[in-house]
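Accompanying notes for the structure given below.
Throughout, read-outs are computed from the coordinates displayed, never taken from laboratory work. If you're wondering where the values come from, they're calculated on a predicted model, not measured in any experiment. Every residue, glycine among them, receives a Cβ derived from its backbone with ideal geometry; neighbour counts consider all protein chains shown.
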Amino acid sequence: MKNTLYKILRPLIVLVTKVFLRPRFIGLDNIPKDKNYILAGNHTHNLDCFLLITASKKDVHFLAKQELFKGLKGLLFNNMGLIPVDRKKHTTKAFDKSIKFLNKNKVIGIFPEGTYPKNGEKLLDFKSGVVKMSKMTNTMIIPFVIKGKYRLFSNNLTIEFLKPYEVKSDNYDDEIFKFRKVILKNLED
């Protein structure tokens, strides 16, 4: 059921995204076609997931705050393979599920900020889970940068996929600092 619902909704998401948001995609050749990967970058809006689903040829399993998994939305999100994250309790449940997905050659989409910035901030601090997942599963991270505003029919929205990022050490604090610098540098360009 999970895969079927994703397969049904994905073409609709792609169509709606392309027609109404008209994003420009840069660096699509940095997304591998034949292996799994982690998509990780800045978070600007609740619709950011639509951009990643539209750009990737593979199903993307997103980490999402647990509060979104209530009622009808919860039924939909659970059946699309989203992974709930309890931001109030420090548990490894979402992390462990993500590791299982990556080990099964699936794609994970994550926003390391954990939420999108408010009050004009450009980029929040990153949580280190993404680099830890990458190192533990030997999975490359495909960094992305989202720029522009979500406005209907505006051609103002861009998502750029950068060269794959390899986590080289077990010092996850250092690695997440370096990874965040890559995103920040490209946000400022």
Inset, instruction - Calculate one ³J(HN,Hα) per residue across region 80-93 by plugging θ = phi - 60° into the Karplus curve 6.51 cos²θ - 1.76 cosθ + 1.60, and present them in order as whole Hz with x for glycine and proline. - result: 9, x, 6, 10, x, 10, 8, 7, 8, 10, 8, 10, 9, 4
Inset, instruction - Quick one: of Lys57/Lys163; Lys18/Lys132; Lys89/Lys132, which pairs are farther than 27 Å apart, Cα to Cα? - result: Lys18/Lys132
Inset, instruction - Using 0.36 nm per residue of separation minus the Cα-Cα distance, give me the extension gain between Leu12 and Lys73 in nm, one decimal. - result: 20.3 nm
Inset, instruction - Mind telling me which of Thr17, Thr91, Thr158 comes out most flexible in a GNM of the chain, alpha-carbon contacts under 10 Å? - result: Thr91
Inset, instruction - Name the aspartates and glutamates eligible as straight-distance cross-link partners of Lys104: C-alpha to C-alpha under 17 Å, and not fewer than 8 places from it in the same chain. - result: Asp34, Asp59, Asp96
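Order these peptides, 52-62, 177-187, by their mean beta-carbon neighbour count within 10 angstrom, highest first.
Working: 52-62: 19.3, 177-187: 16.3.
Output ranking for 52-62, 177-187: 52-62, 177-187.
Structure shown: which of Lys106/Lys149; Lys33/Lys185; Lys122/Lys181; Lys93/Lys122 lie over 21 Å apart, alpha-carbon to alpha-carbon?
Working: Lys106/Lys149 30 Å; Lys33/Lys185 26 Å; Lys122/Lys181 12 Å; Lys93/Lys122 29 Å.
Lys106/Lys149; Lys33/Lys185; Lys93/Lys122, as the Cα separations exceed 21 Å there.
Rounded if a/c is under 1.5, else prolate if a/b beats b/c, else oblate: with a ≥ b ≥ c from the C-alpha gyration tensor eigenvalues square-rooted, which is region 99-153? If you can, show how the numbers build up before the last one.
On the way: a/c = 3.07, a/b = 1.82, b/c = 1.69.
Since a/c reaches 1.5 and a/b is larger than b/c, the shape of region 99-153 is classed as prolate.
Expected output is a single nm value to one decimal: the length gained when fully extending between Val182 and Leu152, i.e. 0.36 nm times separation in residues minus the C-alpha distance. What is it? It would help to have the intermediate numbers written out before the result.
Details: separation 30, 0.36 × 30 = 10.80 nm, distance 2.92 nm.
Value of the extension gain: 7.9 nm.
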Legend entry - the chain: calculated mean residue ellipticity at 222 nm from DSSP helix runs of at least 4, using -39500 (n - 2.57): -11000 deg cm²/dmol
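I need the peptides 110-119, 39-48 ranked by packing, meaning the mean over residues of other C-beta atoms within 10 angstrom, with the highest value on top. Let's see the in-between values first.
Working: 110-119: 16.3, 39-48: 21.0.
Descending packing order for the listed peptides: 39-48, 110-119.
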